[in-house]
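Worksheet: the structure to be examined is printed underneath.
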Amino acid sequence: MTDGTSGGRKSRRAAASASGATPFSPSASPVRPVPDSPQSLDTRVVTYIRDLIEAGSLSPGDRLPAERDLAAQLGVSRTVLREALHTLAAFGLVDLQHGRGVFITAGSTRATAERLTLALPVNDSAQRLHDLFEIRRVLEGAAAEWAAERATEAQIAELRAIVREADAIYAHEPLDVAAAGALDARFHATLAAASANRILVQLMVALVDELGVSRGRSLSIPGRPQKSAQQHERLLDAIAAHDASAARRAMLQHLNDVERSIISLDLATRAPGQ
Ligand SMILES: [Zn+2]
């Protein structure tokens, strides 16, 4: 049983900082606190930067720490960090300036304010998963269709570069699952940006936490990342061919397949009688 405080990430953090006390006291309760969420590693980067903006520690124009320091601080590989930063750039939240560094954009502060307004509590229940994929089919089905109609050659080239990078990652054994997840996030963000609908992009930003949780779960499924990579390639081919209905179809097939994988994982891991 939970104590009804799910979604209390913010309140817990606020309480901890207000009292100055250690947030968790293992001796106080026999139940260990559930981690905030089984986030994928790249989502950790996104939420970290977002939290710094929220706390007022980062403002538009500020430069992020050097890649090496930031990766160490966050406990992620430099590959994952780089992909996550590209995802943030596709969403318009940071500006990657070659040779100069990564800068916070004005859009970043606005998106943070919007996220606070939406304040979607994250949870990973079966109903929530169903709701999430239903809305992903609406948003990303449209994004794929519009991307096929509107993507610039540069955006298609970027999607192609992401797919190629994925091939390189999949060629290595054992698979770097975190890097594969970060690339998946970047692919979907870049595709959303190619839809040229800014509200759609903002809605995707609002779903970043939620998407991170489901990605974290699907990545743990053997063979899932490889399957997704093939589906991304098919999706990209339809976008590059400017075939809107094929692009929508490929996106829906991809999302349905990922959702089914997570549902069967849940069924397989649920203990009998629960
Ligand atoms: Zn995907």
Would you confirm whether any residue within region 61-83 is closer than 23 Å to residue 188 by Cα, assigned to a loop (DSSP other than H, G, I, E, B), at pLDDT below 80 and not hydrophobic (A, V, I, L, M, F, W, C)? no
What helices (runs of 4 or more DSSP H) lie completely within region 193-274 and have 2 or more residues being within 16 Å of the ligand (Cβ to nearest atom) and under 16 Å from residue 138 (Cα atoms)? 208-219, 244-269
Just the residues that are touching a helix residue (DSSP H, G or I) at 6+ places or on another chain (Cβ under 9 Å), more than 12 Å from the ligand (Cβ to nearest atom) and of a type in the set (Lys, Arg), please, taken from region 159-192. 160
Name the pairs whose Cβ atoms lie under 7 Å apart, with the first residue in region 174-190 and farther than 17 Å from residue 221 by Cβ, the second of a type in the set (A, V, I, L, M, F, W, C) and not in a helix (DSSP H, G or I), and 6 or more positions between them or separate chains? 189/91
Taking interchain pairs and intrachain pairs at least six residues apart, which have beta carbon atoms under 7 angstrom, with the first residue in region 79-91 and outside the structural domain of residue 169 (by TED's automatic domain parsing) and closer than 14 Å to residue 107 by Cα and the second at pLDDT 90 or above and not in a helix (DSSP H, G or I)? 89/95; 89/96
Under 9 Å between Cβ atoms, which residue pairs at least 6 apart in sequence (or on different chains) link something in region 213-242 that is more than 11 Å from residue 180 (Cα to Cα) with a partner that is surrounded by fewer than 17 Cβ atoms within 10 Å (Cβ to Cβ) and among the acidic types (Asp, Glu)? 217/266; 227/257; 231/257; 233/167; 237/243; 242/149
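The values are calculated or read from the model by the stated rules, or taken from the named source; none is laboratory data. Since the structure is predicted, the reported quantities are computational estimates derived from the model, not experimental observations. Cβ sites come from the backbone with ideal geometry, for glycine too, and all protein chains shown count toward neighbours.
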